[in-house]
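*Asks:* Before anything else, here's the structure in question.
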Amino acid sequence: MKFAVAGASGLVGRALAVFLRTQGHEVLRLVRREAAAGDELFWDPAKGALDAAALRGADVIVNLAGEDIAEGRWTASRRDAIRGSRVHATRTLVAAVEKMKHRPHLLVNASASGFYGARGDTVLDEAGPRGDGFLAEVCEAWEREALAARELGLRVALMRFGMVLSPEGGVLARLLPAFRGGRGGRLGDGRQWVSWALADDAVGAIYHAVLSQACEGPVNAASPNPVTGAEFAATLARVLGKAAWLNAPAWALRLKFGAAFADGLLLASQRLMPERLLDSGFIFRHARLEAALRHVLGK
Ligand SMILES: NC(=O)c1ccc[n+]([C@@H]2O[C@H](COP(=O)([O-])OP(=O)(O)OC[C@H]3O[C@@H](n4cnc5c(N)ncnc54)[C@H](OP(=O)(O)O)[C@@H]3O)[C@@H](O)[C@H]2O)c1
C-alpha cells in the first residue's frame with residue numbers, strides 16, 4: 001500500500017515509517033519545509049496548503065501532526081498552537097482528500113487519552129464520554145475534523161494514544177536524566193492512573209487499525225495494564241537500579257508549570273482499556289510496564 005504520513009518526523013511517525021517500509025509499503029512523508037527527498041511532499045497546514053494531485057495513489061493517510069503538548073506552561077498562545085496545529089493539519093488533509101478523484105480508503109488520525117479528561121479510577125473504554133478540560137476539548141475538535149473524512153467515503157480510525165514510551169523521545173526521554181541520576185519520584189500523590197504503550201506497540205496498533213475493518217471511530221491505543229503514577233515511578237527507578245524518593249507534590253507542579261498543565265496533564269488520571277484493539281485481535285507485545293521498560297532500556 002501507499003501511505004501518506006503527516007508528522008512523520010515525530011516520535012511515532014519515525015518509527016511508523018521505518019516499520020511500514022520493512023513491510024514493503026510505500027511511504028510519502030509530508031514535510032513543512034521544502035521537500036528534500038523523493039519520498040517527501042511539502043505541505044503548509046497552517047495555510048491549508050497541500051497539493052492533492054501529489055497524494056495520487058495513496059491508500060492510507062496517517063495523521064500524527066501537532067505541536068508538542070508537553071513543552072511547558074499552557075499559555076494562551078501555546079493553547080492556540082496546540083489546538084490550531086491539530087485542527088488545521090487535519091482539515092488540510094481532509095480538504096485535499098476531497099479533491100482527489102481516487103480517494104484513499106482510510107484515515108488513521110492521532111488523538112489522545114486526554115479525550116477522557118481526569119477520571120480517577122474509572123475504567124475507560126471507547127464508549128466513555130468526553131471529559132472536561134483543555135485537552136479533552138482539543139481532542140474533540142481534532143477528532144471532529146478527522147471524522148469529516150467519513151463523508152468522503154473513508155474509514156476513520158481515531159487512535160487515542162496514552163503515553164507513548166521510547167527512550168528516543170516523548171515523556172520517557174524527558175524523565176530518564178532525573179531517574180538515572182537517582183532524582184526521580186512520583187508526581188503528586190501518585191494515585192493518578194497512567195495509560196502507556198511502548199512506541200513499537202503504538203506503531204503495531206496503527207498497523208492493526210489499518211488492516212482491521214473493526215477499527216472504525218475511537219480506538220484506545222494503550223496497554224491493557226495501566227499503572228498508577230506511584231507504580232510508574234517506582235518501576236522506572238527499579239529498572240534503572242536507582243532510588244526514586246524525590247516526589248514532586250502537586251502544589252509544586254502547579255507553581256512550576258501552572259495549574260492547567262499540572263492538573264490537565266501531569267496529574268490527570270486516565271485508566272484506559274483498549275477494548276477495540278483487544279476485541280479485534282491485537283496483541284500487545286509489551287503489555288506489562290516493567291518488562292516493557294526493561295526491553296526498551298536494555299535492562
Ligand atoms: N507521544 C505521546 O506520548 C502521545 C500521547 C498521546 C497522543 N499523542 C499524539 O500522537 C501524535 C504523534 O505523537 P508523537 O509523539 O510522534 O508527536 P511528536 O514527536 O511531537 O511529533 C509530532 C509531529 O507533528 C509535526 N508538527 C509539529 N508542530 C506542528 C505544527 N505546528 N503543525 C503541524 N505539524 C506539526 C512535526 O512533524 P513535521 O515537523 O515533520 O511536520 C512533529 O514531528 C501527536 O499528535 C500527539 O499529540 C502522542
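*Asks:* Using a 7 Å offset from the Cα along the Cα-to-Cβ direction at both Arg33 and Glu67, what is the distance between the two label points in nm, to one decimal?
*Replies:* So the label points at Arg33 and Glu67 sit 2.0 nm apart.
*Asks:* Per the Cauchy relation, a quarter of the hull surface: what is the mean projected area of the convex hull of the alpha carbons in the range 72-134, in nm²?
*Replies:* Its Cα hull, projected and averaged over all orientations, spans 6.2 nm².
*Asks:* Give me the accessible area per residue for the chain, probe 1.4 Å, as a whole number in Å².
*Replies:* Ligands and nucleic acids excluded, the figure is 45 Å² per residue.
*Asks:* Further question on the same structure: Average the reciprocal distances over every distinct pair of alpha-carbons in the range 1-138, invert the result, and give the Kirkwood radius in Å.
*Replies:* 16.2
*Asks:* For a label point 7 angstrom out from the Cα of Gln23 toward its Cβ, which stretches of the range 219-248 have the backbone nitrogen within less than 20 Å?
*Replies:* Of the residues in the range 219-248, 219-224 have backbone N under 20 Å from the label point off Gln23.
*Asks:* Number of Lys pairs in the chain with C-alpha atoms less than 26 angstrom apart, excluding same-chain neighbours closer than eight positions?
*Replies:* So the count works out to 7.
*Asks:* I need the calculated FRET efficiency for the pair Ile283 and Lys256, taking r as the beta carbon distance and R₀ as 30 Å, to the nearest 0.05.
*Replies:* The calculated FRET efficiency here is 0.15.
*Asks:* Please state, as a whole number in µm²/s, the translational diffusion coefficient that the Stokes-Einstein equation yields for the range 167-299 at 4 °C and 1.567 mPa s, with Rh defined as the Kirkwood radius across alpha carbon pairs.
*Replies:* For the chosen part, D equals 82 µm²/s.
*Asks:* For a quick check of your reading of the filter: which GluC sites (Glu not before Pro) in the range 133-192 sit in a DSSP loop and have no more than 15 other Cβ atoms within 10 Å?
*Replies:* Passing both the DSSP loop test and the Cβ count: Glu168.
*Asks:* Once label points are set 7 Å from the Cα along Cα→Cβ at both Val123 and Gln213, what is their separation, rounded to one decimal in nm?
*Replies:* 2.9
*Asks:* Can you tell me the order of 4-14, 32-42 when each peptide is scored by its average per-residue count of other Cβ atoms within 10 angstrom, highest first?
*Replies:* 4-14, 32-42
*Asks:* Given the DSSP H assignment, sum -39500 (n - 2.57) over each helix run of at least 4 residues in the chain and divide by its residue total; what's the result at 222 nm in deg cm²/dmol, nearest 500?
*Replies:* Rounded to the nearest 500, the figure is -11000 deg cm²/dmol.
*Asks:* Residues in the range 72-109, backbone N under 18 Å from the label point at Ala54 (7 Å along the Cα-to-beta-carbon vector): list them, ranges by number please.
*Replies:* Only 89-101, 104 fall inside the zone, counting backbone N under 18 Å.
*Asks:* I've got another one for you. Could you give the length gained by full extension between Asp132 and Ser77, i.e. 0.36 nm per residue of separation minus their alpha carbon distance, to one decimal place?
*Replies:* Net length gain for the segment: 17.8 nm.
*Asks:* Enumerate the calculated ³J(HN,Hα) couplings along the range 282-299 in order (Karplus 6.51 cos²θ - 1.76 cosθ + 1.60, θ = phi - 60°), each rounded to whole Hz, writing x wherever the residue is Gly or Pro.
*Replies:* In residue order, the calculated couplings are 6, 10, 6, 6, 9, 8, 10, 4, 5, 5, 5, 5, 4, 4, 7, 9, x, 10 Hz.
*Asks:* Over the Cα atoms of the chain, what is the Rg over Rh ratio if Rh follows Kirkwood?
*Replies:* Over the Cα atoms of the chain, Rg/Rh equals 0.96.
*Asks:* Could you work out the local net charge near Arg33, counting Lys and Arg as +1, Asp and Glu as -1, over the other residues with Cβ closer than 11 Å to its Cβ?
*Replies:* That works out to -2.
The values are calculated or read from the model by the stated rules, or taken from the named source; none is laboratory data. The structure presented is a predicted model; accordingly, all values stated were derived computationally and were not measured. All Cβ positions, glycine included, derive from the backbone under ideal geometry; neighbour counts span all protein chains shown. These area figures cover heavy atoms from the full protein model, side chains too; ligands, DNA and RNA do not enter into them. Shrake-Rupley method; radii C 1.70, N 1.55, O 1.52, S 1.80 Å.
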